[in-house]
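Chemist: I'd like to ask some things about the structure below.
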Number of protein chains: 4
Amino acid sequence: MALTSEQQQEIEAARTAEGRTRRPTVPALEAMLFQAMPVLDHGFVRVIDYMGDDAAVVQAARVSYGRGTRAANEDRGLIRYLMRHRHSTPFEMCEIKYHVKLPIFVARQWIRHRTANVNEYSARYSILDREFYIPAPEQLAAQSASNRQGRGEVLQGEEAARVLDLLRRDAAQAYDHYVEMLNEDEAGNRIDPSRRGLARELARMNLTLNTYTQWYWKTDLHNLLHFLSLRADPHAQYEIRAYAEAMLRTVEAWVPMVFEAFRDYRMGAVTLSAQMLAVVKRMLAGEAVAQEGSGLSKREWRELMGMLGREG
Amino acid sequence: MALTSEQQQEIEAARTAEGRTRRPTVPALEAMLFQAMPVLDHGFVRVIDYMGDDAAVVQAARVSYGRGTRAANEDRGLIRYLMRHRHSTPFEMCEIKYHVKLPIFVARQWIRHRTANVNEYSARYSILDREFYIPAPEQLAAQSASNRQGRGEVLQGEEAARVLDLLRRDAAQAYDHYVEMLNEDEAGNRIDPSRRGLARELARMNLTLNTYTQWYWKTDLHNLLHFLSLRADPHAQYEIRAYAEAMLRTVEAWVPMVFEAFRDYRMGAVTLSAQMLAVVKRMLAGEAVAQEGSGLSKREWRELMGMLGREG
Amino acid sequence: MALTSEQQQEIEAARTAEGRTRRPTVPALEAMLFQAMPVLDHGFVRVIDYMGDDAAVVQAARVSYGRGTRAANEDRGLIRYLMRHRHSTPFEMCEIKYHVKLPIFVARQWIRHRTANVNEYSARYSILDREFYIPAPEQLAAQSASNRQGRGEVLQGEEAARVLDLLRRDAAQAYDHYVEMLNEDEAGNRIDPSRRGLARELARMNLTLNTYTQWYWKTDLHNLLHFLSLRADPHAQYEIRAYAEAMLRTVEAWVPMVFEAFRDYRMGAVTLSAQMLAVVKRMLAGEAVAQEGSGLSKREWRELMGMLGREG
Amino acid sequence: MALTSEQQQEIEAARTAEGRTRRPTVPALEAMLFQAMPVLDHGFVRVIDYMGDDAAVVQAARVSYGRGTRAANEDRGLIRYLMRHRHSTPFEMCEIKYHVKLPIFVARQWIRHRTANVNEYSARYSILDREFYIPAPEQLAAQSASNRQGRGEVLQGEEAARVLDLLRRDAAQAYDHYVEMLNEDEAGNRIDPSRRGLARELARMNLTLNTYTQWYWKTDLHNLLHFLSLRADPHAQYEIRAYAEAMLRTVEAWVPMVFEAFRDYRMGAVTLSAQMLAVVKRMLAGEAVAQEGSGLSKREWRELMGMLGREG
């Protein structure tokens, strides 16, 4: 993560300013506010603002006049009930806003979640920084042999070195030519006074997909949890998962009761199809069930055995 | 507006509690927070929470690291530019949450705006209060003769008295029968111990559409302004307009620069069709244009003359 | 269901007209097209239009140029995979449009699903018909003793008779007074020439919530299945479930492979929390687990035993 | 546009197959169906499916039982009224689905419109084709001097030649290295048997932003018109405007009455702020108004004079 000292100062200035508010506040999240949590080699996630807390979920579910006087364990029980039975609207009553710096190919996966508000840094209007994502050596994986959209073993030796070299050189060369085509230095002056320089909206097309971009991203707690359940999942691509894991820590600080319910009823939960449930019932009745005769395909059988922690 | 003293106490308790926050705060909106602004005979709007301020719009548009150090008039200029050119995403970065008490027929118009989060008081689960909207005498309008979905002159004398009497009596009788069918008093005890009482989810169907309901409603500033531009408009039904006008006052307190731009470029703006623009150009060139030969239908001609403040 | 003969003729005229198209067509759904499927005492659901079929889901998942030449069982396997792993976007590529006649209190539950397009019959502009929902005797249930938002036993004898009488009389009286206040007959003429008549947008507030309304409702297949998974569920209120069940039959005719996958992986599926899964594993290992020491609350324990078809 | 002969055959096969339907059909759009309309150097737009027509907008606005028997000019008048007064829900009742091939930097602008359904070709799962967008010489514009996000004059001579050379070489080299890292030929076999090959989800990050991708994109008519009003506008970047213009032709074929109303009331319309309207009124009253004393900023004054076709 490469924050300039000027950016660091802006962040510190925002952290120092404090005001009084009648709104619910969450000290554990206030402590994190504005600070950049590093992700990947140059990226970050930082919380810019939030609305609501655990009690706001309860308050909305009850449509109540005040903050309520119930015991904490009643609130916890209600939150767990709402999560278990997928009553999603009370969770929509909390909102959070992040500032994220991320490679463009990660941004393209991320933006497929449409129920959020986004303001991205405009490369039509401004010039992007010279920063590219280069995977750490332990992330340099081969194509998975069994899963068409997954990773297999980590590349080693010469092959790994060659890949890193290509990624670094192509990104750097594409960026250098981007600047050459723009014909503009950081201060906005022409580098070569005899040339006009290509329009920014055109020059950007020469950049590689591992170039970093940044955006403000705001969503409600229900949609955030849905995003995290997909993107913090082991099947998600490592690079977006790294962001999801940083965001999970902010959720834990912000709404600890919701986080606990989410962990129990979503992250750690499994869904059994009608046929899978029938197999489990037969097994519980003492029957020795095999894939043949289970009503499950081989793939589903493997998935079920995986859930139950058994050999397939 | 009929808040019980218990509800009033809950509100006061929430207003008294103050905390420290690093988030942007807006003193003018903090002063209003939680207080019920009366609307119609028993309704209200109150702000429950908010996120962001004028500067948050600017910050998102610039995707900046801090709160910025630009002069206030630069921020104002940017906000006006964004509003004028319908760059909506920076306005989506502010969020507000209301608690609203409103007649069911108003709730049915309101809910057609889908880009918001809603938690409504559940008449499947709970018992609604004995409160109905009865129009004030000056709102008791006849059907408009010229506009199929508008109001004409105010009803007078016996006809007005008869209407008020019917509205009052039918609502009261339907509510009394609702309670009789439920067979439940306010404390949840059976009124007639020999009867079971009808399920709440069924009994509610006997209520009239002027019965009050309530909900938590949360939306972002862009969608709020869109809602207000339609519902604070003179063509909106008076009853929902009364709510929109109360909410406009909260927007003015919350984001004064955005409010000013909204007033100038939306509320006070007019849209001219290609044909209307052609007429204006001919008039500015000194030509005396009449409806015949204008390329406008009679209706459009009246609309244009209305915008220009001229006799049709 | 009360269609006038004029409405019936309009429907028949639309059914007779046939055209040629290059778009995918589904004969089983074409056979149903435009016909009103009766629901409740006066309601209906009818399919007005549709886009796509089973193959369109596959085509979108593959982003292919044509309709594909794969074997049907490959398509089926892909659809089941997409459903099992909650890859929702290919299902969004099919769309369906319904015309629905339904009581207002059902419409209020239904509209909470925001990801759909809706055009409702306007009682601001037009006059509603004299039709109210009166439950069949076997639907006249008492409030559930165990579930605050459910039904218990069916009411009998005098109590049932009294409820039906109240529902019928209050709806009829409120409607009659609605017409009296409007002072307008069906042809739009004044009933009493000496009175002006109340504006439609006001008079409607006197109607009871079991009055029928109607709307055009259009959504994509993914959001439709989500709606049906909630509203065809045994926990849904009977009155909306009756609509969901009629719509399930249209889905089965329209996209039979998707329907089969939906039935197996959603309707018939169960979700086990992390703690529930741990209990199942212990039971499969031969341990006799009781609620105490299970890590589950009493309520969750009952839910788990229910899923497994065991005594609690 | 480079369709392989296999792709062309798939398209022809789909065009040949015809069925009978009771749904509304639009012969002018049927004639276009499935055919690829070329856009830019290798891109295209083709209509895959559609739902509804001009009459479907009218039918939804009236919530009617059949297709209606009104005169065509009544339908036209209603459509124009709905468009003029921004009654958007009837337009949401028509739906269209496109298959689009487009450069990634254009896809990134496009996806900011969230109210659509999208299935994009997955570079996590599959290998992208060797196709990049290289602007035509007349599109090779310099940065605008007056507008930070626009284009100025066209580059000439050596500078233009250098830019084209850089764009071509960097894209080709990045793609060649992408294939080398994948170590996979088109048939999916290892190129160098001694190497494993980098996972597809990682290798793609080396591609440049002018690489072509493709997706299925589906939206309703209201949201399509909103997209087109922004993207067919002269202020939109040329490359996305080229797509919007091709799509405008499909709208004209599909819903000619809606298209005409859109052209008159949106594409050709102007919005005057409260202050601008005041200036126009003063001018119409014969006053000679100058920017000073107009209440408009210099920028707004220029905008107004532009609308009125006058010298600033």
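Throughout, read-outs are computed from the coordinates displayed, never taken from laboratory work. Values in this document were obtained by computation on a predicted structure and should not be read as measured data. Positions of Cβ are backbone-derived with ideal geometry, glycine not excepted, and every protein chain shown enters the neighbour counts.
Chemist: Rounding to the nearest 20 debye, state how big the charge dipole of the protein assembly as shown is about its Cα centre with +1 on each Lys and Arg Cβ and -1 on each Asp and Glu Cβ. Can you show the working numbers first?
Modeler: Working: 164 positive and 164 negative charges, 1 e Å.
Value, rounded to 20: 0 debye.
Chemist: Taking H as built 1.01 Å from N, whose amide H comes closer than 5 Å to the amide H of residue A:43, not counting residues under 5 places away?
Modeler: Amide H neighbours of residue A:43: none.
Chemist: Still on this model: From the residues C:244, C:100, C:262, which one has its Cα farthest along the dipole of chain C in the positive direction, the dipole being from +1 and -1 charges on Cβ of Lys/Arg and Asp/Glu about the Cα centre?
Modeler: Ranked along the dipole, the leading option is C:262.
Chemist: Do any GluC sites (Glu not before Pro) in the range B:183-219 lie in a DSSP loop with no more than 12 other beta carbon atoms within 10 Å, and if so, which?
Modeler: Working: sites: B:184, B:186, B:201; in loops: B:186.
For GluC sites (Glu not before Pro) across the range B:183-219 that sit outside H, G, I, E and B with at most 12 neighbouring Cβ atoms in 10 Å, the list reads B:186.
Chemist: Chain D: which residue's Cβ hugs the D-to-A rotation axis most tightly, distance rounded to whole Å?
Modeler: Smallest Cβ distance to the axis, with its residue: D:114, 2.
Chemist: Run the paramagnetic zone check for residue A:154: 7 angstrom along Cα to Cβ, then residues of the range A:218-234 with backbone nitrogen under 20 Å.
Modeler: A:234
Chemist: Under a point-charge model restricted to the Cβ atoms of Lys and Arg (+1) and Asp and Glu (-1), what is the dipole moment magnitude of the range C:215-290 relative to its Cα centre, in debye to the nearest 20? Can you show the working numbers first?
Modeler: Details: 8 positive and 8 negative charges, 25 e Å.
Result for the range C:215-290 is approximately 120 debye, rounded to the nearest 20.
Chemist: Kindly provide the GluC sites (Glu not before Pro) of the range C:68-97 that DSSP labels as loop, not H, G, I, E or B, and whose Cβ sees at most 14 other Cβ atoms within 10 Å.
Modeler: On the way: sites: C:74, C:92, C:95; in loops: none.
Loop-located and lightly packed - none at all.
Chemist: Go ahead and run the numbers for FRET between residue A:187 and residue D:164, Cβ-Cβ distance against an R0 of 30 Å, rounding to 0.05.
Modeler: Numbers: r = 28 Å, r/R0 = 0.92.
The computed FRET efficiency comes out at 0.60.
Chemist: Another question, then. Compute the normalised compactness of the range C:242-294: alpha-carbon radius of gyration over 2.2 N^0.38 Å, N being the residue count. Intermediate results must be reported in sequence, preceding the final value.
Modeler: On the way: Rg = 17.7 Å, N = 53, 2.2 N^0.38 = 9.9 Å.
Relative to the rule-of-thumb radius for its length, the range C:242-294 sits at 1.78.
Chemist: Quick one: label points 7 angstrom along Cα→Cβ at residue A:288, distances to the other copies in nm, smallest first?
Modeler: Output for residue A:288: 2.5, 10.7, 10.7 nm, nearest copy listed first.
Chemist: Next question, about the same structure. Angle between the Cα long axis of helix B:5-16 and the longest principal axis of chain B, 0 to 90 degrees, nearest 10?
Modeler: The helix B:5-16 is inclined about 50 degrees to chain B.
Chemist: Could you tell me the largest-minus-smallest coordinate of the C-alpha atoms of the protein assembly as shown on each of the three principal axes, in descending order and whole angstroms?
Modeler: Extents along the principal axes, in whole Å: 96, 88, 69.
Chemist: Rg and Dmax of chain D, using alpha carbons, in Å: what are they?
Modeler: Computed over the Cα atoms of chain D, radius of gyration and Dmax are 24.3, 85 Å.
Chemist: Sorted by average packing, counted as other Cβ atoms within 10 angstrom per residue and highest first, what order do B:226-239, D:242-255, C:99-112 take?
Modeler: Details: B:226-239: 16.9, D:242-255: 20.3, C:99-112: 22.3.
The packing order, highest mean first, is C:99-112, D:242-255, B:226-239.
Chemist: Just need the relative contact order of the range D:118-161 here, percent rounded to a whole number, with Cα pairs under 8 Å and 6+ apart. Don't jump to the answer; show the numbers that get you there.
Modeler: Details: 26 pairs, mean separation 11.3, N = 44.
26 percent.
Chemist: With unit charges on the beta carbons (Lys and Arg positive, Asp and Glu negative) and the dipole taken about the Cα centre of the range D:127-248, which residue among D:193, D:139, D:173 sits farthest to the positive side?
Modeler: D:193
Chemist: Output ³J(HN,Hα) for the range D:196-201: one whole-Hz value per residue in order, computed from phi by the Karplus curve 6.51 cos²θ - 1.76 cosθ + 1.60 with θ = phi - 60°, and x for Gly and Pro.
Modeler: Taking θ as phi minus 60°, the curve returns 7, x, 6, 4, 4, 5 Hz for the range D:196-201.
Chemist: Take the alpha-carbon positions of the range B:217-264, form their convex hull, and give its projected area averaged over all directions (one quarter of the hull surface) in nm².
Modeler: Values: hull surface 13.1 nm².
Averaging across all directions leaves 3.3 nm² for the Cα convex hull.
Chemist: Once each part is reduced to its C-alpha centroid, what is the distance from the range C:227-265 to the range A:21-83 in angstrom?
Modeler: Comparing the Cα centres of the range C:227-265 and the range A:21-83, I get a distance of 35 Å.
Chemist: Using label points projected 7 Å from each Cα along Cα→Cβ, tell me how many nm separate residue C:260 and residue A:285, to one decimal.
Modeler: That separation, rounded to one decimal, is 2.5 nm.
Chemist: Let me ask something additional. HN-Hα J couplings of the range A:18-31 from phi, Karplus 6.51/-1.76/1.60, θ = phi - 60°, integer Hz, Gly and Pro as x?
Modeler: 10, x, 9, 8, 8, 6, x, 10, 10, x, 5, 7, 4, 5
Chemist: When only Cα pairs under 8 Å and 6 or more residues apart are kept, what is the percent relative contact order across the range C:256-312? If you can, show how the numbers build up before the last one.
Modeler: On the way: 20 pairs, mean separation 14.2, N = 57.
The normalised contact order for the range C:256-312 reaches 25 percent.
Chemist: Once the label point is set 7 Å along the Cα-to-beta-carbon vector, what list of distances in nm do you get between residue C:139 and its counterparts in the other copies?
Modeler: Those label-point separations list as 3.3, 5.7, 5.9 nm.
Chemist: Something else: What percent do you get for the relative contact order of chain D when only Cα pairs under 8 Å and 6+ apart count? Please report the intermediate quantities before stating the final value.
Modeler: Numbers: 374 pairs, mean separation 67.8, N = 312.
The value is 22 percent.
Chemist: Separate question: In nm, to one decimal, how far is the modelled label at residue D:18 from the one at residue C:17, with both set 7 Å along Cα→Cβ?
Modeler: Taking the simple label geometry, residue D:18 and residue C:17 are separated by 1.9 nm.
Chemist: How far is helix D:274-284 tilted off the main Cα axis of chain D, in degrees rounded to 10, range 0 to 90?
Modeler: The helix D:274-284 is inclined about 50 degrees to chain D.
Chemist: Please rank B:121, D:125, fewest neighbouring Cβ atoms within 10 Å first, as an exposure proxy. Display every interim value, and only then the final one.
Modeler: On the way: B:121 17, D:125 13.
Arranged by neighbour count, lowest to highest, B:121, D:125 become D:125, B:121.
Chemist: Same structure again: Translational diffusion coefficient of the range D:59-217 at 20 °C, 1.002 mPa s, Stokes-Einstein with Kirkwood Rh over Cα pairs, in µm²/s as a whole number. Don't jump to the answer; show the numbers that get you there.
Modeler: On the way: Rh = 20.3 Å.
Stokes-Einstein gives a translational diffusion coefficient of 105 µm²/s.
Chemist: Separate question: Using +1 at the C-beta of Lys and Arg and -1 at the C-beta of Asp and Glu, which of A:40, A:163, A:232 has the Cα lying farthest in the positive direction of the dipole of chain A?
Modeler: Result: A:232.
Chemist: Still on this structure: With just the Cα atoms of the range C:185-273, tell me how far they stretch along each of the three principal axes, in Å, largest first.
Modeler: The principal-axis extents, from largest down, are 67, 30, 17 Å.
Chemist: Moving on to the next point. Pairs A:218/D:298; C:218/D:97; B:298/D:281: which are spaced more than 25 Å apart, C-alpha to C-alpha?
Modeler: Beyond 25 Å: A:218/D:298.
Chemist: Next question, about the same structure. Hey, what do the phi angles of the range A:211-225 turn into as Karplus ³J(HN,Hα) couplings, whole Hz, using 6.51/-1.76/1.60 and θ = phi - 60°, x for Gly and Pro?
Modeler: For the range A:211-225, the Karplus-derived couplings read 5, 7, 10, 8, 7, 8, 9, 10, 7, 8, 5, 4, 6, 5, 5 Hz, x marking Gly and Pro.
Chemist: Given Cβ point charges of +1 (Lys, Arg) and -1 (Asp, Glu) and nothing else, what value in debye, to the nearest 20, does the dipole of chain A about its Cα centre take? If you can, show how the numbers build up before the last one.
Modeler: On the way: 41 positive and 41 negative charges, 245 e Å.
Charge dipole, chain A, about its Cα centre: 1180 debye, nearest 20.
Chemist: Need one value for A:167-180: mean number of C-beta atoms belonging to other chains within 10 Å of its residues' C-beta atoms. Intermediate results must be reported in sequence, preceding the final value.
Modeler: Working: counts 8, 0, 3, 11, 4, 0, 5, 10, 1, 2, 7, 4, 0, 3.
The per-residue average across the peptide is 4.
Chemist: Okay, next question. With every atom except the alpha carbons ignored, what do you get for Rg and Dmax of the range C:134-209, in angstroms?
Modeler: Using the Cα atoms of the range C:134-209, the pair Rg, Dmax is 18.0, 56 Å.
Chemist: So, one more: Classify the range B:67-158 from the C-alpha gyration tensor, please: rounded if a/c falls under 1.5, else prolate or oblate depending on whether a/b exceeds b/c. Could you put the intermediate results ahead of the total?
Modeler: Numbers: a/c = 2.98, a/b = 1.62, b/c = 1.84.
Oblate is the answer for the range B:67-158, as a/c is 1.5 or above yet b/c matches or exceeds a/b.
Chemist: For chain C, take the longest principal axis of its alpha carbons; what is the angle in degrees between that and the long axis of helix C:238-254, to the nearest 10 within 0 to 90?
Modeler: Tilt of helix C:238-254: around 70 degrees.
Chemist: Give the nm distances, rounded to one decimal, from residue C:81 to the matching residue in every other copy, measuring between label points 7 Å along Cα toward the beta carbon; shortest first.
Modeler: Between copies, matching label points for residue C:81 lie 4.2, 4.9, 5.3 nm apart.
Chemist: Please identify every one of the trypsin sites (Lys or Arg not before Pro) in the range B:127-188 that sits in a loop by DSSP and has no more than 12 other beta carbons within 10 Å of its own beta carbon.
Modeler: Those satisfying the criteria are B:148.
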